[in-house]
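Structure record follows, encoded as structure tokens.
The values are calculated or read from the model by the stated rules, or taken from the named source; none is laboratory data. Everything numeric here is computed off the predicted structure, so don't read it as measured data. Cβ placement follows ideal geometry from the backbone for every residue including glycine, while neighbour counts extend to all protein chains displayed. Please note that ligands, DNA and RNA were not included when accessible areas were found on the heavy atoms of the full protein model with its side chains. Shrake-Rupley method; radii C 1.70, N 1.55, O 1.52, S 1.80 Å.
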Amino acid sequence: DLKKSLNIQGEEITFDRKNNIITATNGIEIDDLKKSLNIQGEEITFDRKNNILFSKTKSVIKDKNRNKIISKGFKYKTNEKNFRIFEALMQDNNNNTFEINSAYIDTQSNILIGENIIVNLNNIYFNPDNEPRLTGEKITQNNNTTEISKGIFTACKKTDSCPPWQLSAEKITHDSEKKSITYEDVWLQIYDVPVVYFPKFF
């Protein structure tokens, strides 16, 4: 589709000419040539009239910054730069992984805004037995900076019981380039009991 800068490949492609809808199945690969997006999946539909590309099946999305998203479904408004993902697992170019319930991605600015998230951080700067992670209600990610509201951080190994210690904050900022985490309005909790308060901590 040269007008919309989309290249669609698949083993089977059905074109509903009356409704102007393309459905591709089996070995699908779609490239958005303008935004350097690559999408692979089991079944993807393109509503050409409304400029909506969507899928209700597992899909893999890769962007120009080498971020990789595995999503159970997505909806992409190609003319509005609006990409929504659902029940997704994302790996960024620093090998941090994000488990996200739902998120919106601006494909022009590459800003991600999501909710109900778990971030498993790259463990190269911690003890090998640690499993550093962040959880929170909302997330905003812009290139190397991730902001989480009402977040919790711990480096304790994952167990069935609560972690021995954790930092609970109104706002957590992770800068993957500077390798730093900053907290605002933070409590140090020991076995879920708040023991020390800091207005700011890093």
Original post:
What's the Kirkwood radius of the chain in Å, using all Cα pairs?
Top reply: 18.5 Å
**OP:** Using a cut-off of 15 Å between beta-carbons, work out the net charge of the residues near Leu134 (Lys and Arg +1, Asp and Glu -1, Leu134 not included).
**Re:** -3
**OP:** Express in nm, to one decimal, how much length is gained between Lys158 and Glu87 on full extension, taking 0.36 nm for each residue of separation and deducting their alpha carbon distance.
**Re:** 23.4 nm
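Per residue, how much accessible surface does the stretch 99-138 expose to a 1.4 Å probe? Answer in Å², no decimals.
On the way: 2110 Å² over 40 residues.
I get 53 Å² per residue for the stretch 99-138.
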**OP:** Can you tell me how much longer the chain between Asn143 and Phe54 gets when fully stretched, taken as 0.36 nm per residue apart minus their C-alpha distance, in nm with one decimal?
**Re:** 29.6 nm
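Calculate, for Asn79 and Thr182, the FRET efficiency according to 1/(1 + (r/R0)^6) with r their C-beta to C-beta distance and R0 41 Å; round to the nearest 0.05. All intermediate terms of the calculation are to be shown ahead of the outcome.
Values: r = 37 Å, r/R0 = 0.91.
It comes out at approximately 0.65.
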**OP:** Would you work out which of Ala103, Phe54, Ile69 lies farthest towards the positive end of the dipole of the chain? Charges go on Cβ: Lys and Arg +1, Asp and Glu -1.
**Re:** Phe54
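Round to a whole number: what % of the accessible area of the chain belongs to carbon and sulfur, probe 1.4 Å? Working shown, then result.
Details: 5590 of 11690 Å².
Whole-percent figure for carbon plus sulfur exposure: 48.
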